[in-house]
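Step one of this worksheet: look at the structure below.
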Amino acid sequence: MFVLPMWPWISIGLASAVEVTREPSPSNFPLKLTDDRGRDIRLNHIATRIVSLSPNITELVFAAGAGGKLVGVSHYSDYPAAAKSVPGVGDSSSLDLERIIALKPDLVVAWRSGNSISDIEKLEKLGLTVFATEATRLEDVPRLLRITGRLAGTSTQAESAARAYEAELGQLKRTYAGRRPVRVVALIWHQPFMAVNGHHIISDIINICGGINVFASAASLTPVVSTESLLEADPQAVISSMSLELAETGVKERLSYIGAVRSNHLYFVHPDLLHRQTPRILQAAKKVCAQLEEVR
């Protein structure tokens, strides 16, 4: 099945800005941070051998200026192009634990909702330091960039990327603030149909664009939705991150009874943009916002 395949900085003057972007020195270590599982992680020195356990983390590490420190990445880590040359360590459903150990990483970065808890615990029992991340809101991406910079000693590059992202996000929010609400369903899988609830980062994109996620109150992060529940929800727009062919043919035929599809308000956004918790997710947000404007 397709797998859905983060510290804030507040400006308080020039002195603080210099402090945030200064690269860590030995005196800053050991470094103690809390990851997105709520676990306290201790790093005794700047991470120089990093293993990424998901494509979005790989991309985030590169964006934070630490791509050269990656010694292992999960399968499908294809952006930026340099990620393709880093040795693979399996994927979320079948990590090669022996390969990871052999790479002797001083830091393993995991995806909280994408990697299995058992795999993370196995790596920790083997003595590896694992930092788990998760972005549930668009504002989490610059937080993750800054944390990655601290862990890898690339705070200057990470801070620059974080500020650029925040400026772009702020402009997007200002552009679409106050727009007429549009009821939206985001479909991430088709056998069976799966959507996202209000705790998913895709739902945050919908909100920023002035949309209303019709399955926001679902108990599961990625709920299975029936044709009956889709009909009852009566979305005005369907955002699909499945292949373009599915969005235009198979999915469209199966959802032909929904008013949004009959009105040709079925839209496709590439999963590499929509699902990956990285700076590129703003490209997906811009697409979704433009699509909802068409509906209005």
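The values are calculated or read from the model by the stated rules, or taken from the named source; none is laboratory data. Note that the coordinates shown come from a computational prediction; the quantities given were computed from them, not determined experimentally. Glycine gets a Cβ as well: all are built from the backbone with ideal geometry, and neighbour counts include every protein chain shown. All accessible areas refer to the heavy atoms of the entire protein, side chains included, with ligands and DNA or RNA removed. Shrake-Rupley method; radii C 1.70, N 1.55, O 1.52, S 1.80 Å.
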>> Can you work out the Karplus-derived ³J(HN,Hα) for every residue in region 272-277? Use 6.51 cos²θ - 1.76 cosθ + 1.60 with θ = phi - 60°, whole Hz, and x for glycine or proline.
In response: 4, 8, 7, 9, 7, 7
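Indicate the gyration tensor shape class of region 179-295 (rounded, prolate or oblate), computed on the Cα atoms with a ≥ b ≥ c the square roots of the eigenvalues: a/c under 1.5 is rounded; otherwise a/b larger than b/c is prolate and the rest oblate.
Details: a/c = 1.26, a/b = 1.23, b/c = 1.02.
Rounded shape, in that the Cα axes give a/c under 1.5.
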> Mind listing the phi-derived Karplus ³J(HN,Hα) values for region 136-142, rounded to whole Hz, using 6.51, -1.76 and 1.60 with θ = phi - 60°, and x for any glycine or proline?
Replying inline: 9, 9, 4, 5, 6, 4, x
> For TRP111, what is the net charge nearby, where nearby means another residue's Cβ is under 13 Å from its Cβ and Lys, Arg count +1, Asp, Glu -1?
Replying inline: -4
> Rounded to the nearest 10 Å², what accessible area does SER93 show when all protein chains are kept and the probe is 1.4 Å?
Replying inline: 100 Å²
>> Please list 3J(HN,Hα) in residue order for region 231-238, calculated via the Karplus relation 6.51 cos²θ - 1.76 cosθ + 1.60 where θ = phi - 60°; whole Hz, with x for glycine and proline.
In response: 5, 5, 5, 6, x, 8, 8, 10
> Once both labels are modelled 7 Å past Cα along the beta-carbon direction, what's the ARG99-ALA219 spacing in nm?
Replying inline: 3.7 nm
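Among DSSP bridges having both ends in the chain, what percentage is antiparallel? Round to the nearest 5. Write out the running numbers ahead of the final one.
On the way: 9 of 29 bridges.
Of those bridges, close to 30 percent are antiparallel.
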> Of the labelled options (1) -0.33, -0.42, -1.21, -1.37; (2) -0.43, -0.53, -1.25, -1.36; (3) -0.37, -0.46, -1.14, -1.24, which one gives log10 I(q)/I(0) by the Debye sum over Cα atoms at q = 0.08, 0.09, 0.15, 0.16 Å⁻¹ as computed for this structure?
Replying inline: (3)
> Taking amide hydrogens as modeled 1.01 Å from N in the peptide plane, which residues meet the under 5 Å criterion relative to PHE268, leaving out close sequence neighbours?
Replying inline: SER240
> Within straight cross-link reach of LYS104, meaning Cα distance under 27 Å, which lysines are found once same-chain residues fewer than 8 apart are removed?
Replying inline: LYS32, LYS69, LYS84, LYS122, LYS125
> What's the local net charge at THR133, with K and R +1, D and E -1, over the other residues with C-beta under 11 Å away?
Replying inline: -1
>> Within the chain, what whole-number % of the accessible surface is contributed by carbon and sulfur, with the 1.4 Å probe and all protein chains included in the calculation?
In response: 54 percent
>> Leaving out ligands and nucleic acids, and using a 1.4 Å probe, what accessible area per residue does the chain come to in Å²?
In response: 45 Å²
